[in-house]
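Encoded as structure tokens, the structure appears first; notes follow it.
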Amino acid sequence: MTTSLRTATPADADRLAALAAITFPLACPPGSDPAAVAEHIRTQLSPERFVAWTASADHALLVAESPGSPDGAAEAGGADASDGAGDLVGYALLVRGVPDDADIVAVVGDEPTVELSKIYVHPSSQGTGVASDLMRAALDAAPALVPDRAVWLGTNGENARAQAFYRKHGFAFAGTRTYVVGGEAHDDVVMVRPLD
């Protein structure tokens, strides 16, 4: 089954929100308050948020899509094969901006930069190469947002698997930050991928 990558559109928003509701909790550390995680999903990963990101010049939202299931049921987001949509199995979000968090400024400076804000793959597609394909596409898209700047990201300090994936793609530990999920503070590591 071939997976294709493309830029997201507003029509993807409901399926992206459904995918985010599956994937975001998997990246949270053990012991996270389920209510805080649910609040974060409701407020930060809503269909409205995804629509806004597709329309913003300061964001690049990419999706990985597989062909629709033969029986018409889409696992990741509830799409129906009759509407011509495949299953969304992953997504990545880049953000152009000037950091306003002192911990981030200490690492990347106070000039416009690109954050790899989100990169998630449905559990059924993990280990298939989709995540690496999404990462390469995101890194290819980053210079269009801010040329000649390193890309940075934050990930939970307890998520060793994610950190290993990022290191594989050229990111290195650069500092720490606090990340709030539904009012609950978490310790993140900040990783930076220098320019090639």
Might you check whether a residue that is of a type in the set (D, E, K, R), in contact with a strand residue (DSSP E or B) (Cβ under 7 Å, 6 or more places away or on another chain) and in contact (Cβ under 8 Å) with a residue 24 or more places away in the chain occurs anywhere in region 37-57?
no
Any residue at all in region 154-163 that is among the charged types (D, E, K, R), open to solvent by less than 40 Å² (accessible area, probe 1.4 Å) and in contact (Cβ under 8 Å) with a residue 60 or more places away in the chain?
no
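Yes/no per residue for (1) in contact with a helix residue (DSSP H, G or I) (Cβ under 6 Å, 6 or more places away or on another chain); (2) more than 14 Å from GLY90 (Cβ to Cβ):
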{"site": "SER4", "(1), (2)": "no, no"}
{"site": "ALA8", "(1), (2)": "yes, no"}
{"site": "ALA52", "(1), (2)": "no, yes"}
{"site": "ASP58", "(1), (2)": "no, yes"}
Working only within region 114-128, note down all residues that are open to solvent by 20 Å² or more (accessible area, probe 1.4 Å) and closer than 22 Å to GLY154 by Cα.
GLU115, SER117, LYS118, ILE119, TYR120, HIS122, PRO123, GLN126, GLY127
Filtered residues of region 18-36 (kept if touching a residue at least 60 places away in the same chain (Cβ under 8 Å), assigned to a helix (DSSP H, G or I) and closer than 18 Å to VAL121 by Cα)
ALA18, LEU19, ALA20, ILE22, THR23, PHE24, LEU26, ALA27
Filtering region 171-196 down to residues that are in a loop (DSSP other than H, G, I, E, B) and within 19 Å of VAL95 (Cα to Cα), which residue is modelled with the lowest pLDDT?
LEU195
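The values are calculated or read from the model by the stated rules, or taken from the named source; none is laboratory data. All values reported here derive from a predicted model rather than from experimental measurement. Glycine gets a Cβ as well: all are built from the backbone with ideal geometry, and neighbour counts include every protein chain shown. In case anyone asks, the SASA skips ligands and DNA or RNA and just uses the protein heavy atoms, side chains included. Shrake-Rupley method; radii C 1.70, N 1.55, O 1.52, S 1.80 Å.
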